[in-house]
Amino acid sequence: MWGGRFAEGPSAIMREINASIPFDKALWRQDIAASKAHVAMLGAQEIVSTEDAEAIRRGLDQIAEEYARDGVPEDWDLEDIHMTTESRLAELIGPAAGRLHTARSRNDQVATDFRLWVRDALDQMDGALRQLQLALITQAEAHADSILPGFTHLQTAQPVTLGHHLMAYYEMIARDRSRFADARARMNECPLGSAALAGTGFPIDRDATAKELGFDRPTRNSLDAVSDRDFALDYLMAASQCALHLSRLAEEFIIWASQPFGFVRLPDTLSTGSSIMPQKKNPDAAELVRGHAGRVIGCTTALMVTMKGLPLAYSKDMQDDKPPVFEAASLMALSVAAMTGMVTDSTFNTARMRQAAELGFATATDLADWLVRKADIPFRDAHHITGAVVKRAENDGVALDQLSLEVLQEIDPRIDERVFKALSVEASVASRSSYGGTAPDQVRLQVQAARALLSEES
């Protein structure tokens, strides 16, 4: 490739540091598609003959079949997927293969291929996250009435329903999907035709290639088009946020599956044993999802630092843009699949959850609310009275609803027998009926709305 300019070939070190074929061969489908769109345009614009354009198209189709069947060969002297494909094309059709690179550069070629790959990754991620949402709402609907303790600071706060808890993660994933969708909409412009950095003097039709490849429009500035990797960073930043949410969900299952909690039985298919302790059932899949979040964030940081301070236009540093994106995409696919399986196949111990919800005086806020509603006591005063009731129950070693009316009236005579209807965990969750609350009826409404939204998408 460099014979016209260099008298000697690259050193072994240069050959190794310069070659990207070990990883950019993953772009072969996108590279073939972009090349076919480009040569079709060259033929339509009469920049190359109809006969040469057709020969190139047929050759590219044959190469695609070979790659799909045998994989992409790794010849480091050819450096990358682009030259690997062009070299094979020359073997198949002869000198006409050299016309394929008319009016383009490897700079706009790789920018186009990489955008196409990231766009495919975004679409795949959206579909996978939709399946996770379906798993969450299915379990949420089944457990709209199942009570468990809600925590703040990992201390018992108020009773909530499991359905409500799972729907919180549905909302997180919905935001993740919106971020991926925003990234897709923003990146869907075609760099092809920008050439090395300044555009081309050939009478190309950039709108035609953009349309053929499913882009909304061509990019507007050739310098920006070949040097922009915002689309990759957008993907990685959305993936990082999503990985954080998956990690939080994984942590919930890790805690819930531990013996002190015992809220959930994880599926055997996503658990492992111990090499020495036969009783162990370890939540390794969830722990790896939690760990993968750190690696995805690391991929984001790696590309951000690579792009920092690069002058326009293309620099060879940008060859290192693909490994972190490929790694993050692989980790995210595994993490989403693992959490979807975990949510779908886990079995919840509703009796244990309800028992735990009664600990820690979880209905104390309900007592305070009752004093406000029924005894017309200002909330701050009700809060103080409730604190005294909790202290008495703690000293007596009983739950709030096990204190006698006489004891309650010693603390405040305005308390009457109606208070006991507010002190059960069932009454507590049922009373949280404001929009978005944990009441079972509210959970069912949210599940119904979520199902309708997902059904519209399909």
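The values are calculated or read from the model by the stated rules, or taken from the named source; none is laboratory data. Since the structure is predicted, the reported quantities are computational estimates derived from the model, not experimental observations. Note that each Cβ is placed from the backbone with ideal geometry, even for glycine, and that neighbours are counted across all protein chains shown. We work out accessible area using only protein heavy atoms, side chains counted, and drop any ligands, DNA or RNA first. Shrake-Rupley method; radii C 1.70, N 1.55, O 1.52, S 1.80 Å.
Enter the accessible area of PHE23 (Å², nearest 10), with the probe set to 1.4 Å and all protein chains included. Solvent-accessible area, nearest 10 Å²: 50 Å².
Full extension of the chain segment joining VAL398 with LEU359 gains 13.1 nm, where the gain is 0.36 nm per residue of separation less the Cα-Cα distance.
The distance between label points at ILE255 and ALA168 comes to 0.8 nm (points 7 Å beyond Cα on the Cα→Cβ vector). Heavy-atom accessible surface of ARG432, to the nearest 10 Å², is about 60 Å², with a 1.4 Å probe and all protein chains retained.
Rounded to the nearest 0.05, what FRET efficiency do GLU287 and GLU417 give with R0 = 35 Å and r taken as the Cβ-Cβ distance? Could you check?
On the way: r = 49 Å, r/R0 = 1.41.
Calculated transfer efficiency: 0.10.
Between the alpha-carbon centres of the stretch 147-193 and the stretch 400-431 there is a gap of 37 Å.
Of the residues MET187, PHE151, VAL72, the one whose Cα sits farthest towards the positive end of the charge dipole of the chain is PHE151 (charges of +1 on Lys and Arg Cβ, -1 on Asp and Glu Cβ, taken about the Cα centre). In the chain, taking the dipole from charged Cβ atoms about the Cα centre, the farthest positive-side position among ILE93, ASN282, GLN355 is held by GLN355.
Put simply, when 315-321, 107-113, 363-369 are sorted by average Cβ atoms within 10 angstrom per residue, most first, you get 107-113, 363-369, 315-321. Where in the stretch 61-104 is the amide nitrogen less than 15 Å from a point lying 7 Å along the Cα-to-Cβ axis of ARG29? The answer is 64-72. Dipole magnitude for the stretch 259-321: about 220 debye, using +1 per Lys or Arg Cβ and -1 per Asp or Glu Cβ, origin at the Cα centre.
Averaged per residue, what accessible surface does the chain expose to a 1.4 Å probe, in Å²? Please report the intermediate quantities before stating the final value.
Details: 22240 Å² over 458 residues.
Dividing the accessible area of the chain by its residue count gives 49 Å².
Given only helices, namely DSSP H runs of n ≥ 4 each adding -39500 (n - 2.57), what is the per-residue ellipticity at 222 nm of the chain, to the nearest 500 deg cm²/dmol? Walk me through the numbers before you get to the answer.
Numbers: 18 runs with 284 residues, N = 458.
Helices in the chain give a 222 nm mean residue ellipticity of -20500 deg cm²/dmol.
Enter the Cα centre distance for the pair the stretch 81-144 and the stretch 335-398, rounded to the nearest angstrom. Result: 50 Å between the Cα centres. The base-10 log of I(q)/I(0) for the chain, evaluated at q = 0.06, 0.08, 0.10, 0.12 Å⁻¹, reads -0.42, -0.64, -0.84, -1.03 [Debye formula, identical scatterers on Cα atoms, solvent excluded]. Comparing MET339, HIS384, THR200 along the charge dipole axis of the chain, the residue lying farthest to the positive side is HIS384, per the Cβ-charge model. Full extension of the chain between GLU74 and ARG380 gives 102.9 nm of extra length, using 0.36 nm per residue less the Cα-Cα distance.
Only the Cβ atoms of Lys and Arg (+1) and of Asp and Glu (-1) were treated as charged; on that basis the dipole of the chain about its Cα centre amounts to roughly 600 debye. What a 1.4 Å probe finds exposed on the stretch 80-132 is 45% carbon and sulfur by accessible area, rounded to a whole percent. On full extension, the segment bounded by LEU405 and GLU51 gains 117.8 nm, given 0.36 nm per residue less the C-alpha separation. Looking at the chain alone, DSSP beta bridges between its own residues are antiparallel in about 80 percent of cases. Pairs of lysines in the chain whose Cα atoms sit within less than 26 Å of one another amount to 14, provided the residues are eight or more positions apart or on different chains.
Under a model in which nothing but the beta-carbon of Lys, Arg (+1) and Asp, Glu (-1) is charged, the stretch 12-102 shows a dipole of about 220 debye around its Cα centre. Normalised by the number of residues in the chain, what is the relative contact order in percent for Cα pairs under 8 Å and 6+ residues apart? Value for the chain: 17 percent.
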